[in-house]
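The values are calculated or read from the model by the stated rules, or taken from the named source; none is laboratory data. In this text, all values refer to a predicted model and were calculated from it rather than measured experimentally. Here the Cβ positions follow ideal geometry from the backbone for every residue, glycine too, while neighbour counts run over all protein chains shown.
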Amino acid sequence: MFIVSRLKDLTIITNRLRHYFRNMDVKELQPPSSVRGMQELQREQFRKIVQVPRLRVPESQVQRVMPLVKKFLLKMEHLHPVRAVDQSREILLHPTPVKNWDSLPTEDLQRQKVNAENFSFADLELRYENWSANEILKSVLPTEEEGLTSYSRIGHIAHLNLRDHLLPYKQLIGQVLRDKLPNCRTVVNKASSIDNTYRNFQLELICGDPDYQVETKENGVPFEFDFSKVYWNPRLSTEHERIVKMLKSDDVLYDVFAGVGPFSIPAAKKRCHVLANDLNPESFRWLQHNAKRNKCLPNIKMSNKDGRQFIVEELREDLLKRLCTTDTTTYGIHITMNLPAMAVEFLDAFRGLYSADELAQLPTNVCYPTVHVYSFAKGENTKELVRQLVESNLGASLDENLLQGINFVRNVAPNKDMYRVSFKLSLNMLTTLKEVEVTRKRYAEEELEVATKVKCV
Ligand SMILES: C[S@@+](CC[C@H](N)C(=O)[O-])C[C@H]1O[C@@H](n2cnc3c(N)ncnc32)[C@H](O)[C@@H]1O
């Protein structure tokens, strides 16, 4: 199925379907069957003549007739169903509901002096311009079930992830999308899976301008970035919104893998206190730009380092100050870790972040931060799998006091899901090392002792 990626588009389409008849169900209204398999776009090959029902009424009658036939109008792209012909008007009707004169509200029409003589079938020339991208691609690509594909819109860019069997059609798909999608100037295909450090997609330009600097809005917040150099996925907008909705003004957010700021910028705009970090210098640059553009610089501190280093430096220092000098029962502290392929591997950075002495004087009702860590899981029982992944990397089991939830975020590929695991850090986690770390440390100390003894002998 052709998945239109934006919900807004879907709503518009469903609304249209509710009011009008589906053109693609009528063979005559589909593009000519000869275009099936076309790999080089030849727009003139889409021309065809069809016969459609029509009413011819005097110009003076149109205003009164239109409300009676409104629901029968032929709706196609760039087609005006009411056209001037000589001194009268021709009203084009849809062939699905209108088979003949009797299909119309004849009594009402006759009352307006419109009768069977006004009804006939007209020749209508259909062209490439009259079909949507979806309709054109459905008629060109191999078969309906596996022939079509999904795309995302990021500003003026349409981003495709074409399966192998569609690669011979990529130029055509690119041209059709650029022709048909409003404000689309650039069409790119995902060139390989994202396995590079900064998680940005490797892109192949298939049509249009090689311009990747985009302006887009997510949940009403404007963002700018270079899509070829940073990570941005519009399919995460709902997840970003869920987290931002959890935050209240004066809450604290530590965003370990912040990207260009889809958690951090809206949080800072909400007057949360944000510390945002990303290792990619380009993400960091655009993060700063977006903070400035959204006028939230006073509420956000940004850094450009490895996530672990950010946790043991910026986060450690800021959190210690808050735990020791503020009433943590009056606001929330959240840590987002969205690097699903490996974020769990950073969880042990919280173990032994402080010495027992540093946290010895805290009030008993102190509220520790909530971590939201994202992870992929493959196969069966993925929910249980992510829990185990988090627990083993953290070196602690998450009982009902600590675990806040394991939430499904999205299906990434067949059999591969993305989850958010939310849990509270505890005094024990923050002041003791992970079991394996203790063993490693003890082992290292013993080695040192033996080595010293050997030296002494
Ligand atoms: C999946 S993206 C998430 C970006 C953003 N938070 C979002 O939700 O869209 C992961 C981000 O982590 C950054 N990154 C990758 N490795 C990192 C590391 N070791 N330390 C800090 N950031 C890292 C990448 O540059 C990328 O921006």
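Here are a few things to note about the model shown:
- Criterion (touching a Cys at 6+ places or on another chain (Cβ under 8 Å) and surrounded by fewer than 21 Cβ atoms within 10 Å (Cβ to Cβ)) met by exactly one of Thr364, Thr325, Thr370, Thr329: Thr329
- Considering residues of segment 215-236 that are assigned to a loop (DSSP other than H, G, I, E, B) and within 16 Å of the ligand (Cβ to nearest atom) only, the residue surrounded by the fewest Cβ atoms within 10 Å (Cβ to Cβ): Asn219
- Residues that are acidic (Asp, Glu) and within 15 Å of the ligand (Cβ to nearest atom) do not occur anywhere in segment 196-214.
- Among residues of segment 373-425, those that are under 19 Å from Tyr254 (Cα atoms), surrounded by fewer than 18 Cβ atoms within 10 Å (Cβ to Cβ) and in contact with a Pro (Cβ under 9 Å, 6 or more places away or on another chain), counted: 1
- Meets criteria (of a type outside the set (A, V, I, L, M, F, W, C) and part of a loop (DSSP other than H, G, I, E, B)) for Thr336: no
- Single match in Arg271, Arg285, Arg293 (criterion: within 26 Å of Ala158 (Cβ to Cβ), among the charged types (D, E, K, R) and away from the ligand (no atom under 12 Å from the Cβ)): Arg293
Residue-wise test of (1) buried (at least 17 other Cβ atoms within 10 Å of the Cβ); (2) assigned to a helix (DSSP H, G or I); (3) in the same structural domain as Gln112 (by TED's automatic domain parsing).
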position	(1), (2), (3)
Ser34	no, yes, yes
Glu40	no, no, yes
Glu44	no, yes, yes
Ile49	no, no, yes
Arg54	yes, no, yes
Arg64	no, yes, yes
Pro67	no, yes, yes
Lys71	no, yes, yes
Lys75	no, no, yes
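- Members of segment 332-350 that are within 16 Å of the ligand (Cβ to nearest atom) and either surrounded by fewer than 19 Cβ atoms within 10 Å (Cβ to Cβ) or over 23 Å from the mean Cα position of the chain (by Cα) (or both): Ala341, Met342, Glu345, Phe346, Leu347, Asp348, Ala349, Phe350
- Residues located in segment 77-99, provided they are loosely packed, with under 15 Cβ neighbours inside 10 Å and in a strand (DSSP E or B): Arg83, Ala84, Val85
- Options Leu279, Leu236, Leu253, Leu205; residue that is under 21 Å from the mean Cα position of the chain (by Cα) and closer than 22 Å to Met337 by Cβ: Leu236
- Of all the residues in segment 237-263, those that are touching an Asp or Glu at 6+ places or on another chain (Cβ under 7 Å), near the ligand (Cβ under 8 Å from one of its atoms) and small (Gly, Ala, Ser) number 2.
- Residue in segment 296-315 that is within 21 Å of Val214 (Cβ to Cβ) and either more than 14 Å from the ligand (Cβ to nearest atom) or among the hydroxyl-bearing types (Ser, Thr, Tyr) (or both) present: yes
- Residues in segment 116-158 that are closer than 19 Å to Pro32 by Cβ, at pLDDT below 95 and in a loop (DSSP other than H, G, I, E, B): Ser132, Leu141, Pro142, Thr143, Leu148.
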